[in-house]
Every structure is written in C-alpha cells, then in structure tokens.
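Below: the structure, in structure tokens.
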Amino acid sequence: MALGTPATVTLDTLGISFTAHPYSHNPAAGEFGLEAATELGISAERVFKTLMAVVDDQLVVAVVPVSRMLDLKALALAVHGRKAGMADPVVAQRRTGYVVGGISPVGQKTAHRTVIDETIELFDTVFVSGGKRGFDIELTPNDLVRATGATLAAIARNRARSSRAAGSIDDGRQ
C-alpha cells in the first residue's frame, strides 16, 4: 500500500490494482494537475482532476482532464439538473476529507454522485490524485469507474485562449 491515503486504502480494499506515482510538489504551482503531468512526464490528457460542483443544491464530483475545463451546463445535464456552479473549496475539503490540490475521486469521506468525462475511455490507464499534493495514482478507466461508482458523460470543454478573461471555473486549486 503506497502512502496509505484513503484513496489507496479504498483501492486495496476493493482489490483494485494501481501504481503509485509520488512526485516533487512545488507549493507555488498554480495548476496542480498540470504540475503532475509535467513532473510525471505524461500527457495532460491522461491526468484527470477532481472538482466539486453544486447541481440544484446537491454536491456532485466531476472528473475531467487537466488539459480541459469543466463544462457546468454539461454536468448539470448529465445528472438531470438545471443549475450548476462550483462548490466552495472549504466545502469540498470538508466533504471529501482531502486538501484542495490533492482531492482524489476515490476514498472520499462522504460519497457523492460522480461523473467522469467520457474521454477517459481513450486511454488504457489514467492518473488521478492519490489523496495528497505530489501523489498521483495510475489505474484503468474501468477500475476508476468501479471504485467511484461514476457515470461517464461529455462534461469537459476546451480551455479558452485566455481562461481568466473567459470566466474560467478552473482556478487551479484542484
């Protein structure tokens, strides 16, 4: 068992194999997922970030490639909701049990409805946070779906040329 985070404990309990990938985290890094891709030397399309949104007053976990952004309208549609917004980071930390920048979709303190972007199916294995900054886990898309009880949907969109100017919801905290 690598590092003994709730994510790795959950995967071990479920009998799901994974590969631990610790890396040197820079506290000044703005976008944690892109930092992971760079440090691990892998394509940003294979690294997925975990975000928490509020859809019609219900918390929903969204997992999208770090190279893209969460499409809130698509997430709302995926869970048959009407209105979606990003959850407060303090709420995300409290409900998942993980620190922002290290939130894993696996082994969260409170189970939430989870939607993973369908591009995950393009890869044999993907990377998600292992439950702390500077630690990712690699596993198959099917195993990630099994471990989270997630559904798949098209919930990611391309980044705007200037994401800040376009009202980006990806503030780099997750």
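Read-outs throughout are calculated quantities, based only on the coordinates presented, and are distinct from any laboratory measurement. None of these values were measured; they are calculated from a predicted model. Glycine also receives a Cβ, built like all others from the backbone with ideal geometry; neighbour counts cover every protein chain displayed.
When only Cα pairs under 8 Å and 6 or more residues apart are kept, what is the percent relative contact order across the chain?
About 29 percent, as a whole number.
Which ordering of Tyr98, Tyr23 is given by a fewest-first count of other beta-carbon atoms within 10 Å?
Taking fewest neighbouring Cβ atoms as first place, the list is Tyr23, Tyr98.
Using label points projected 7 Å from each Cα along Cα→Cβ, tell me how many nm separate Ala154 and Ser17, to one decimal.
Placing both labels 7 Å along Cα→Cβ, they lie 3.4 nm apart.
If packing is taken as the mean number of other Cβ atoms within 10 Å per residue, what is the order of 49-59, 100-110, highest first?
In decreasing order of mean packing, 49-59, 100-110 become 100-110, 49-59.
Hey, any idea what Rg/Rh is for the chain, computing Rh the Kirkwood way over Cα pairs?
Rg/Rh: 0.93.
Using helices alone, I'd like the mean residue ellipticity at 222 nm for the chain: each DSSP H run of four-plus residues gives -39500 (n - 2.57), total over residue count, nearest 500.
-6500 deg cm²/dmol
Over all alpha-carbon pairs in segment 56-120, figure out the percentage whose distance exceeds 20 Å.
Pairs farther apart than 20 Å: 25 percent.
Per-residue HN-Hα couplings for segment 17-29, Karplus 6.51 cos²θ - 1.76 cosθ + 1.60 at θ = phi - 60°, whole Hz, x for Gly and Pro?
For segment 17-29, the Karplus-derived couplings read 7, 8, 10, 7, 10, x, 8, 7, 8, 9, x, 7, 4 Hz, x marking Gly and Pro.
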